Amino acid sequence: MEGLKDEEKDVLEYIQRFAKEEVKPLSREIDLKEEVPQKLIDRMKELGLFASYIPKEYGGYGMSFSFLVRAIEIISKACPSTALVLDGALTLFGEPVLMFGSEDLKKKYLKRITEGEIGGLALTEPGAGSDAAAIKTTAVKQGDSYIINGTKIFISNGRIANFFVVDVVTDQAKGHKGITTFVVDAETPGFKISRDIHKMGIRGSSTVELLFDNVRVPETNMVGKLNEGFRVVMETLDAGRIGIAAQALGIAEASFEEAVIYAQQRKQFGQSISNMEGIQFMISDMATEIEASRLLTYNAAEKWDRHEPCIKESSMAKLFASDVANRVATESLQLFGGYGYTVDLDAERHMRDAKITQIYEGTNQIQRVIIAREVLKELSP
Ligand SMILES: Cc1cc2nc3c(=O)[nH]c(=O)nc-3n(C[C@H](O)[C@H](O)[C@H](O)COP(=O)(O)OP(=O)(O)OC[C@H]3O[C@@H](n4cnc5c(N)ncnc54)[C@H](O)[C@@H]3O)c2cc1C
């Protein structure tokens, strides 16, 4: 475990135990009931997971991003919906506040995260997904406040988050240079959940549509500067994509390990199917791809920890790890034969859970756009 302090390695061991003994046994129920039980969120709070990545000066444990990424991987291996509660709170909400928030915002909101309150990011709108600069939600200045109006869609942690980082238009004439980021408390009058969105995978994660109906936020809740919110969100997603790569890695590991164990138990033609070369080649390819995902993901996280530019590495990790998670989940299900296709086993859930990792925090087409842009910049003649 390169890049981790001894203390972080010790904590990861008990996170392993927590994931295996407390999260995994509930993973099917979480999928069926479309909800992560509060007792698991409380346990993550008790274990200090929400405080882990928050710096000590704001009441956290000051652990590294590399640590957080491994924690997300481990919990995703047991249940990616549960991991997303933590990932959303720390990478999507905590990170932008940490990077761009005023001292007062950090003291207020990061402290609340260490106490187990949950955050989210509200960027996407019905008319603005991949083209994030096309958002239409507005914030108009009124005295020392801004009044927000608009709709956000597909917002993770929607029902459980206490506050969100929200991207809004503050100068319509300026395109992406007219976007500003604010922290909005979920209790603010006019902030409404207009509907729950039911999904094929990560069903335990709450995904909602949000309506902002004259929501008043104090100017002091601005994250970064006026009209510089696009940079805030882009840098947030650089970190966020590493979190999604870790989630994908965890899903791939779970699918793979379950399938490899089964392949050694299942007998056909008088022998374990794992003795067959056709099966062994599948196992080898999957093992290699998972290892490559792991290295790309950990490398991007270490770069983030060293504050080195890592736009390309973060996108590569997310692109590769999510494609691998989908291939591995599909091939692992194949190893279970007909049994894999039933809801009696977890293989079908892994396949459903894996799909989202190719879509959110920038689809894999968008990751390719980003990677190409970075490579062309590096190698410009
Ligand atoms: C379960 C879930 C949770 C989510 N959580 C959040 C959240 O917490 N906060 C938040 O703000 N958003 C969230 N999202 C939104 C998510 O990030 C967007 O769905 C995603 O960025 C894609 O946007 P879109 O759905 O509008 O698709 P579109 O942008 O309409 O894309 C449609 C298709 O066109 C392709 N495409 C678009 N542009 C290009 C291009 N330039 N080149 C090639 N292909 C292109 C896309 O890859 C895709 O295949 C979530 C989504 C889901 C499903």
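Values in this text are rule-based calculations from the coordinates and carry no lab data. What you are looking at is a predicted structure, and each value in this text was computed from that prediction instead of being measured. FYI the Cβ positions are ideal-geometry reconstructions off the backbone, even for glycines, and counts take in every protein chain you see.
At-a-glance table
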{"quantity": "Gaussian network model of the chain, springs between alpha carbon atoms under 10 Å - residue of Gly250, Gly88, Gly190 with greatest fluctuation", "calculated": "Gly190"}
{"quantity": "Neighbourhood net charge (14 Å Cβ-Cβ; Lys/Arg +1, Asp/Glu -1) for Val140", "calculated": "-1"}
{"quantity": "Check: the chain dipole with +1 on Lys, Arg Cβ and -1 on Asp, Glu Cβ, in debye", "calculated": "660"}
{"quantity": "Fluctuation leader among Ile366, Ile179, Ile54 - the chain, Gaussian network, Cα springs under 10 angstrom", "calculated": "Ile366"}
{"quantity": "Region 71-89 and region 281-317: distance between their alpha carbon centers, rounded to Å", "calculated": "17"}
{"quantity": "In nm, spacing of pseudo-spin labels at His198 and Gln16 (7 Å Cα→C-beta vector)", "calculated": "3.9"}
{"quantity": "Whole-angstrom gap from region 37-66 to region 131-207, using each part's C-alpha centre", "calculated": "25"}
{"quantity": "Antiparallel %, DSSP beta bridges [both residues in the chain], to 5", "calculated": "85"}
{"quantity": "Sorted by Cβ neighbour density within 10 Å, fewest at the top, the residues Cys79, Cys310", "calculated": "Cys310, Cys79"}
{"quantity": "Highest-first arrangement of 336-343, 128-135, where packing means the average Cβ count within 10 Å", "calculated": "128-135, 336-343"}
{"quantity": "Among 93-106, 65-78, the order from most to least packed when residues are scored by Cβ within 10 Å on average", "calculated": "65-78, 93-106"}
{"quantity": "Highest average packing first - 159-169, 238-248, Cβ atoms within 10 Å", "calculated": "238-248, 159-169"}
{"quantity": "Radius 14 Å from Cβ of Val169, net charge of other residues (Lys, Arg +1; Asp, Glu -1)", "calculated": "0"}
{"quantity": "Among Leu296, Leu237, Asn275 the positive-end extreme of the charge dipole of region 233-381 (Cβ point charges)", "calculated": "Leu237"}
{"quantity": "Sequence-distant residues sharing a close amide H with Arg216 (under 5 Å, placed H)", "calculated": "Ile148"}
{"quantity": "Net lengthening on full extension, Ser130/Lys107 (0.36 nm per residue, minus Cα-Cα)", "calculated": "5.0 nm"}
{"quantity": "Region 230-381 - percent relative contact order, Cα under 8 Å, separation 6 or more", "calculated": "33"}
{"quantity": "Taking Ser314, Ser156 and counting other C-beta atoms within 10 Å, the order from fewest to most", "calculated": "Ser156, Ser314"}
{"quantity": "Unit charges on C-beta of K, R, D, E only; dipole of region 120-227, Debye", "calculated": "200"}
{"quantity": "Local net charge near Glu125, Cβ-Cβ under 11 Å (Lys/Arg +1, Asp/Glu -1)", "calculated": "-1"}
{"quantity": "Average Cα contact separation per residue, region 136-252, under 8 Å, 6 or more apart, as relative contact order %", "calculated": "31"}
{"quantity": "Under 20 Å, Cα to Cα: Lys pairs in region 231-378, sequence gap 8 or more or different chains", "calculated": "5"}
{"quantity": "Karplus 3J(HN,Hα) series, Hz, for region 264-274 with 6.51 cos²θ - 1.76 cosθ + 1.60 (x for Gly, Pro)", "calculated": "7, 8, 6, 10, 9, 6, x, 8, 5, 5, 5"}
{"quantity": "Two-site label geometry, Glu46 and Lys33: point separation in nm, points 7 Å out along Cα→Cβ", "calculated": "1.6"}
{"quantity": "Relative contact order computed over the chain (Cα-Cα under 8 Å; 6+ residues apart), in percent", "calculated": "16"}
{"quantity": "Helix-only mean residue ellipticity at 222 nm for the chain, each DSSP H run of n ≥ 4 adding -39500 (n - 2.57), per residue, nearest 500", "calculated": "-15500 deg cm²/dmol"}
{"quantity": "Full-extension gain in nm, Glu235 to Asp6, via 0.36 nm per residue minus C-alpha separation", "calculated": "79.6 nm"}
{"quantity": "Label-point separation, Asp213 to Gln265 (7 Å along Cα→Cβ), nm", "calculated": "5.3"}
{"quantity": "Dipole in debye (nearest 20) - region 231-378, about Cα centre, beta carbon charges: Lys, Arg +1; Asp, Glu -1", "calculated": "340"}
